[in-house]
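A.B. asks: Handing you this structure, nothing more for now.
What follows draws every value from the coordinates through simple rules; no lab data is involved. Computed from a predicted structure; not experimentally measured. So basically every Cβ, Gly included, is an ideal-geometry build from the backbone, and we count neighbours across all protein chains shown.
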Amino acid sequence: MTLNKKSVELLAPAGQWESLIAAIEAGADAVYLGGKGFNMRVHNSDFNFDDAQLKAAIEFAHARGVKIYVTLNNLISTEELAPLEKFLRYLNEIQPDSILVQDLAVINLVRKLGIKIPMHASVMMNTHNTSAVELLKSFGITRVVVGRELTLTEVSLLKERTGIEVEYFMHGDMCFAESGQCIHSGVVFGQSGNRGRCMKPCRWNYKLIDEETGETLNDWSYKLALNDMCMFRNIPDLIQAGVVSFKIEGRMRPPEFVRRLVTTYRQEIDVYLADPTGYTVDETRWNNLYKNRVRDFTTTFAFGQPTIKDIGTSGEREPRIFSRAVVEPSFDDSTVKEIFSSERAINSMRNAKCVMRNDKPKLSARVSSFESAKAAIENGADLIYIGGEVFKPLKPWTLAEIKKAVEFTHAAGKKIILATPRTSKDKDLSELKLQLGMWNEELEIKSRNHSSFLIPNSSLLFDGVLVGNLGALQSIRNLELGIRNKLVSLYADVSFNLFNPVAAEFLQSLGVVQATASLELSFAQVRSVVENSSLPIEIIVHGSTESMISDHDFAKLYLPDYNEFATPDKLNRHYALEDEAGEIHSLRVDQFKRWHIFFGKDLCLLPYVEKFFGAAALRIEAQKYSPSVTAQVVKLYRDAIDGIPNFSFPIPNCRFGAGVYRFKQSKNSISN
């Protein structure tokens with residue numbers, strides 16, 4: 001490709017006016033900044049720009065040929081929707097060069113309000129596949145900040161296949177978890193990392209233990225404390241991969257820090273663009289950059305799986321500890337009891353356009369084996385989810401097991417939904433399409449040999465698909481599934497981070513028939529979503545729930561004597577992270593080699609379940625449960641829904657918590 005100065009955009013952060021000036025004077029092509037609300041950096045009220053400052057910043061930058069991108073990239077709760085609309089209208093008046101978005105509600109409102117500002121998809125949208133990019137483009141997204149877990153080779157393929165502009169973090173603080181899939185801070189502290197208030201539990205001290213024996217396998221260290229991204233020595237690799245915008249992280253950094261970083265990268269990029277074939281890294285600039293580093297440096301996933309050298313395990317260079325580990329509240333905590341006693345129940349009349357539902361919610365369970373599926377159905381589940389991620393030592397669902405589960409479920413007069421992974425790369429979506437293609441082929445064969453229009457007990461006739469991400473949703477929409485083009489029903493999983501009814505409306509417009517409420521919503525907030533959405537909403541009320549999902553390989557990083565060739569069986573044991581408050585966070589690895597970190601306590605809302613009866617469905621996350629435990633839990637909730645109170649918990653080795661429900665509100669982004 002032909003290289004010139006316009007081939008690359010150097011994108012700098014600004015949290016204050018002085019930082020904006022420093023970034024522009026140092027040579028930034030564009031600056032990203034946020035208003036006083038609706039962005040991912042709201043811990044300090046001294047930072048970010050009020051409305052007048054935003055207008056002045058745009059005028060100041062445009063006069064100097066520099067672009068301004070406004071961050072609108074957090075999750076929006078119902079009470080924030082009216083201020084959001086007002087803010088979007090104001091941005092439309094002052095015309096920044098783009099807005100950075102995460103919540104589907106923002107995309108929906110931009111379209112409905114006729115906002116004429118280009119949109120960029122935030123890294124918080126967790127974009128890892130071609131299908132998601134194509135769908136985002138159809139919404140008006142012109143640029144994607146790709147998932148941090150993608151290698152540059154994968155980024156290059158994504159760019160080539162879609163033609164989308166790609167923005168890539170080249171320097172700064174990195175998350176250990178997949179973006180948008182860490183809810184630890186939001187649940188434990190009521191301050192969501194998806195809403196700009198992360199308390200950084202990834203910077204805590206942990207030890208690795210054998211979950212069954214309690215034996216310490218790797219002693220205390222900062223096991224999740226990823227070093228800072230630094231691609232200074234790899235600028236040619238970024239350019240050749242098709243990355244358009246080089247993003248420096250650091251909106252909370254002082255002006256002199258921003259100036260030094262932007263100057264260093266500006267000079268290095270320009271030297272390369274002036275003479276690509278004769279380019280070598282300027283070691284003087286490198287030494288200055290390295291000498292002034294905050295944390296040590298890493299290239300994360302750019303060139304493959306990170307190693308122990310990429311983790312700041314000692315904590316010596318950690319600039320700030322935002323929080324310490326705390327004991328997670330019990331399900332019968334006095335604060336939890338007080339909140340539920342003072343809150344009215346969810347009304348089944350979701351809005352004025354809906355017909356009153358007098359029936360009780362459906363009871364669903366997500367399971368990992370046929371035996372657990374059978375146990376759930378036999379004990380009262382109306383619907384089961386199968387497929388998607390399965391945790392070792394269990395194996396992924398085979399087609400034979402899926403057929404068996406479908407036949408058993410339908411014979412019982414219940415529904416069965418095929419789940420997709422929460423995160424999907426193109427390879428994962430290809431496998432999903434193959435699986436669904438086999439389903440479709442069997443249906444077509446049966447339809448030709450059967451007199452009826454539909455085959456009620458077809459061995460692969462799912463009642464729907466639970467999609468984990470936009471790419472999976474788009475892939476299934478693009479397939480001609482079902483007999484005579486009968487479309488499959490789409491259910492949106494909790495990984496969509498549904499926070500408000502406007503996002504629910506948007507999902508409904510894409511063909512989704514039911515969505516799952518975010519686990520970071522307080523009771524009052526989840527009630528507002530249910531009552532103001534025409535889309536049926538499911539609420540997770542019980543089970544082991546993930547605080548983080550990560551592509552880092554825990555076994556290679558921390559498991560003693562592990563060798564993927566010599567000792568792969570070590571992954572069949574169960575491990576956990578213990579924090580300094582004594583909470584034990586289970587670790588599970590799935591068939592996609594992603595690691596799931598769980599909360600210390602299982603969510604349990606059984607004593608308060610009547611408050612949730614206005615929801616369309618109540619879900620039990622039973623993927624970690626044995627068939628016998630699945631049977632017990634499902635029976636308890638079936639009895640509760642049917643008006644047979646039974647609050648005994650004969651479940652071994654389980655500790656029950658209340659999740660986010662100890663808080664009256666997930667703290668929003670427009671108050672301090």
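A.B. asks: Consider the candidate values [x] 25.9; [y] 27.0; [z] 30.5; state which one is Kirkwood radius over Cα pairs in Å computed from the structure displayed.
C.D. replies: Step by step, Kirkwood radius over Cα pairs in Å for this structure corresponds to label [x].
A.B. asks: If you take every residue apart from residue 604 with its C-beta less than 12 Å away from the C-beta of residue 604, what net charge results, scoring Lys and Arg +1 and Asp and Glu -1? Please report the intermediate quantities before stating the final value.
C.D. replies: Details: positive: 601, 655; negative: 328, 332, 333, 602, 621.
Once all neighbours under 12 Å are counted, the net charge is -3.
A.B. asks: Please work out the FRET efficiency for the pair residue 572 and residue 593, using the Cβ-Cβ distance as r and a Förster radius of 22 Å; give the result to the nearest 0.05. Could you put the intermediate results ahead of the total?
C.D. replies: Details: r = 14 Å, r/R0 = 0.64.
Step by step, r from the Cβ atoms, then E = 0.95.
A.B. asks: Return the tail of the calculated pair distribution for the stretch 203-287, meaning the percent of Cα-Cα pairs more than 15 Å apart.
C.D. replies: Values: 2495 of 3570 pairs.
Distances greater than 15 Å cover 70 percent of the Cα pairs.
A.B. asks: OK, next. Residue 307 to residue 7: extension gain in nm, 0.36 nm per residue of separation minus the Cα-Cα distance? Spell out each step's value before the answer.
C.D. replies: Details: separation 300, 0.36 × 300 = 108.00 nm, distance 3.18 nm.
Here the segment from residue 307 to residue 7 would lengthen by 104.8 nm.
A.B. asks: Taking Cα pairs under 8 Å and at least six residues apart, what relative contact order does the chain come out at, in percent? Write out the running numbers ahead of the final one.
C.D. replies: Numbers: 1427 pairs, mean separation 118.4, N = 672.
Relative CO of the chain lands at 18 percent.
A.B. asks: What is the packing order of peptides 633-643, 96-106, taking the mean over residues of other C-beta atoms within 10 Å and listing the highest first?
C.D. replies: Numbers: 633-643: 19.5, 96-106: 24.6.
Descending packing order for the listed peptides: 96-106, 633-643.
A.B. asks: What does the charge dipole of the chain about its Cα centre add up to, to the nearest 20 debye, if the Cβ of each Lys and Arg holds +1 and the Cβ of each Asp and Glu holds -1? The partial results should precede the final answer.
C.D. replies: Numbers: 79 positive and 81 negative charges, 248 e Å.
That gives the chain a dipole magnitude of about 1200 debye.
A.B. asks: Let me ask something additional. Taking 1 over the mean of 1/r across every pair of different Cα atoms in the stretch 486-562, what Kirkwood radius in Å do you get?
C.D. replies: Details: mean 1/r = 0.0697 Å⁻¹.
Evaluated over the stretch 486-562, this radius sits at 14.4 Å.
A.B. asks: Report, to two decimal places, the Cα Rg of the stretch 367-422 normalised by 2.2 N^0.38 Å (N = number of residues). Can you show the working numbers first?
C.D. replies: On the way: Rg = 10.5 Å, N = 56, 2.2 N^0.38 = 10.2 Å.
Normalised by 2.2 N^0.38 Å, the Cα Rg of the stretch 367-422 equals 1.04.
A.B. asks: Lysine pairs in the stretch 81-239 8 or more apart or on different chains: how many have alpha carbons under 28 angstrom apart?
C.D. replies: 9
A.B. asks: Let me check against my output: what whole-number percent is the relative contact order of the stretch 115-215, with C-alpha pairs under 8 Å and at least 6 apart?
C.D. replies: Across the stretch 115-215, relative contact order equals 22 percent.
A.B. asks: List the GluC sites (Glu not before Pro) within the stretch 566-652 that fall in a DSSP loop (any state other than H, G, I, E or B) and whose Cβ has at most 14 other Cβ atoms within 10 Å. Please list the in-between numbers first.
C.D. replies: Numbers: sites: 578, 580, 583, 610, 621; in loops: 580, 583.
Passing sites in the stretch 566-652 are 580.
A.B. asks: Go ahead and run the numbers for FRET between residue 52 and residue 274, Cβ-Cβ distance against an R0 of 35 Å, rounding to 0.05. Kindly include the intermediate steps, with their values, before the conclusion.
C.D. replies: Values: r = 40 Å, r/R0 = 1.13.
Once rounded, the FRET efficiency stands at 0.30.
A.B. asks: Counting DSSP beta bridges in the chain, what percent are antiparallel, to the nearest 5?
C.D. replies: About 30 percent, rounded to the nearest 5.
A.B. asks: Let me ask something else. Relative to the present Cα-Cα distance, how much length would full extension add between residue 153 and residue 59 at 0.36 nm per residue of separation? List each step's numbers first, then the result.
C.D. replies: Numbers: separation 94, 0.36 × 94 = 33.84 nm, distance 3.80 nm.
The span from residue 153 to residue 59 would gain 30.0 nm if fully extended.
A.B. asks: Across bins of 10 angstrom width beginning at 0, how are the C-alpha pair distances of the stretch 146-188 distributed, in whole percent?
C.D. replies: Spelled out per bin, shortest first, that is 23, 44, 25, 8, 0.
A.B. asks: Zone of residue 138 (label point 7 Å along Cα→Cβ, backbone N under 20 Å): which residues in the stretch 156-177?
C.D. replies: Counting backbone N atoms under 20 Å from the label point, the list is 158-165.
A.B. asks: Here is a follow-up. Which length gain, in nm to one decimal place, applies between residue 644 and residue 359 when the Cα-Cα distance is subtracted from 0.36 nm times their residue separation? Mind dumping the intermediate values first?
C.D. replies: Working: separation 285, 0.36 × 285 = 102.60 nm, distance 1.62 nm.
That works out to 101.0 nm of additional length.
A.B. asks: Hey, got a sec? Which chymotrypsin sites (Phe, Trp or Tyr not before Pro) in the stretch 522-621 land in a DSSP loop and have at most 16 other Cβ atoms within 10 Å?
C.D. replies: Working: sites: 523, 554, 558, 562, 565, 575, 592, 595, 598, 599, 608, 612, 613; in loops: 562, 565, 592, 599, 613.
Hits after loop and neighbour filter: 565.
A.B. asks: Further question on the same structure: Hey, what D do you get for the stretch 527-672 in µm²/s if you plug the Kirkwood alpha-carbon radius into Stokes-Einstein at 25 °C and 0.890 mPa s?
C.D. replies: On the way: Rh = 17.8 Å.
Result for D is 138 µm²/s.
A.B. asks: For the chain, what is the mean residue ellipticity at 222 nm derived from helices alone (per DSSP H run of n ≥ 4: -39500 (n - 2.57); sum divided by total residues; nearest 500 deg cm²/dmol)? Intermediate values should be presented prior to the final figure.
C.D. replies: On the way: 19 runs with 209 residues, N = 672.
Roughly -9500 deg cm²/dmol at 222 nm, from the helical runs in the chain.
A.B. asks: Calculate the tail of P(r) for the stretch 290-334: the fraction of all Cα-Cα distances greater than 15 Å, expressed in %. Mind dumping the intermediate values first?
C.D. replies: Details: 631 of 990 pairs.
Value for the stretch 290-334 (Cα pairs over 15 Å): 64 percent.
A.B. asks: Could you calculate the FRET efficiency of residue 282 with residue 327 from 1/(1 + (r/R0)^6), where r is the beta carbon distance between them and R0 is 60 Å, rounded to 0.05? Can you show the working numbers first?
C.D. replies: Details: r = 50 Å, r/R0 = 0.84.
Efficiency for this residue pair is about 0.75.
A.B. asks: Extending each Cα 7 Å along its Cβ direction at residue 398 and residue 584, get the distance between those two points in nm, one decimal.
C.D. replies: Roughly 3.3 nm, to one decimal.
A.B. asks: Calculate, axis by axis, the spread of Cα positions in the stretch 33-138 along the three principal axes, and write the results as whole Å, longest axis first.
C.D. replies: Largest to smallest, the principal-axis extents are 38, 34, 26 Å.
A.B. asks: If you restrict to DSSP beta bridges whose two residues both lie in the stretch 475-604, what percentage is antiparallel, to the nearest 5? Before the final figure, lay out the partial values.
C.D. replies: Numbers: 13 of 19 bridges.
Of those bridges, close to 70 percent are antiparallel.
A.B. asks: Short version: ³J(HN,Hα) in whole Hz for each residue of the stretch 178-186, in order, from phi by Karplus 6.51 cos²θ - 1.76 cosθ + 1.60 (θ = phi - 60°), x for Gly and Pro, what are they?
C.D. replies: Taking θ as phi minus 60°, the curve returns 5, 4, x, 10, 10, 10, 4, 5, x Hz for the stretch 178-186.
A.B. asks: Quick one: Kirkwood hydrodynamic radius for the stretch 163-256, alpha-carbon pairs, angstrom, one decimal?
C.D. replies: On the way: mean 1/r = 0.0622 Å⁻¹.
After inverting the mean inverse Cα-Cα distance, the result is 16.1 Å.
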